[in-house]
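The next block holds one structure in the form of structure tokens; read it before the comments.
The values are calculated or read from the model by the stated rules, or taken from the named source; none is laboratory data. Since this is a predicted model, take the numbers as computed values, not measurements. Every residue, glycine among them, receives a Cβ derived from its backbone with ideal geometry; neighbour counts consider all protein chains shown.
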Amino acid sequence: MNESVDTLNKRLTTLYGRNSDGRPVYRLVFSTSQVEKRRGEFEDYYGKIFLRRFVGVREVPKYPYCMDRWVLEILLPIYNPEVFGSEVYGSYEPLWVFQDKDGNFLQPIWLAIETIINWNRNLIKKSPSDFEAEEQKELEKQEAEEFEKLDNAVPALVSQLHSKEAIVVPKEYDNGGK
């Protein structure tokens with residue numbers, strides 16, 4: 001049974017709460033109905049005829065790249081200089097567009113919403129140092145793999161290089177043994 005979007009939004013608010021200003025942390029919206037006030041430079045046309053260039057704030061579609069789709073949004077306390085008002089209130093940002101790999105419409109269901117939110121929350125739980133530690137571990141793994149390849153190719157020399165009993169002198173630094 002498909003639940004209505006109102007029911008899904010009520011469940012989102014009940015389970016995941018509201019921000020300090022009362023707005024839900026997560027919400028499900030229809031992309032075509034979403035607009036935002038953006039600062040920028042805009043060009044006005046009448047058909048194919050260029051009329052003028054306008055610099056300022058204009059209300060524009062929020063999701064022109066995915067019309068007629070449900071979007072799961074998260075409220076983030078970020079400032080986006082292009083979005084008018086985000087400096088005070090934060091901004092709803094897209095977390096997931098409900099469409100398949102070919103861009104076809106998908107009806108949102110609770111299991112998918114819950115999975116997406118849990119996935120996102122697990123990403124957020126990692127600190128920058130967690131990401132750095134993972135990267136360092138990956139670099140060490142790659143280095144060990146490279147040494148193993150060299151060990152298999154030239155065992156004696158590689159062993160000496162690895163134990164720092166030998167060094168490699170680049171050709172440009174070799175002054176002919178003088």
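Worth a mention:
- Selected residue (only one of GLU82, GLU93, GLU87 is among the acidic types (Asp, Glu), at pLDDT below 95, in the same structural domain as ARG11 (by TED's automatic domain parsing) and under 23 Å from LEU12 (Cα atoms)): GLU93
- Lone unmet requirement of (1) touching a Lys or Arg at 6+ places or on another chain (Cβ under 7 Å); (2) outside any helix (DSSP H, G or I); (3) within 20 Å of ILE117 (Cβ to Cβ) for GLU41: (3)
- Residue check, PHE98 in contact with a Pro (Cβ under 7 Å, 6 or more places away or on another chain), closer than 20 Å to VAL29 by Cα, at pLDDT 75 or above and in the same structural domain as ARG18 (by TED's automatic domain parsing): yes
- Matching residues, region 62-109, being touching a residue at least 24 places away in the same chain (Cβ under 8 Å), buried (at least 17 other Cβ atoms within 10 Å of the Cβ) and small (Gly, Ala, Ser): GLY90
- Scope region 79-112; condition part of a helix (DSSP H, G or I) and closer than 17 Å to PRO61 by Cβ; matching residues: SER86
- With respect to being surrounded by 10 or more Cβ atoms within 10 Å (Cβ to Cβ), assigned by TED's automatic domain parsing to the domain that holds ILE117 and in contact with a strand residue (DSSP E or B) (Cβ under 7 Å, 6 or more places away or on another chain), TYR16 fits the description.
- Of residues in region 63-83 being within 18 Å of SER33 (Cα to Cα) and hydrophobic (A, V, I, L, M, F, W, C), the one nearest to the chain's Cα centre (by Cα): ILE74
- Cβ-Cβ contacts under 8 Å between residues 6 or more apart (or on different chains), taken from a first residue in region 129-147 that is under 18 Å from SER163 (Cα atoms) to a second residue that is part of a helix (DSSP H, G or I), are listed as PHE147/VAL158; PHE147/HIS162.
- For LEU12, the criteria (1) touching a Lys or Arg at 6+ places or on another chain (Cβ under 8 Å); (2) over 14 Å from TRP96 (Cα atoms); (3) at pLDDT 95 or above; (4) outside any helix (DSSP H, G or I) hold in every case but one, which is (4).
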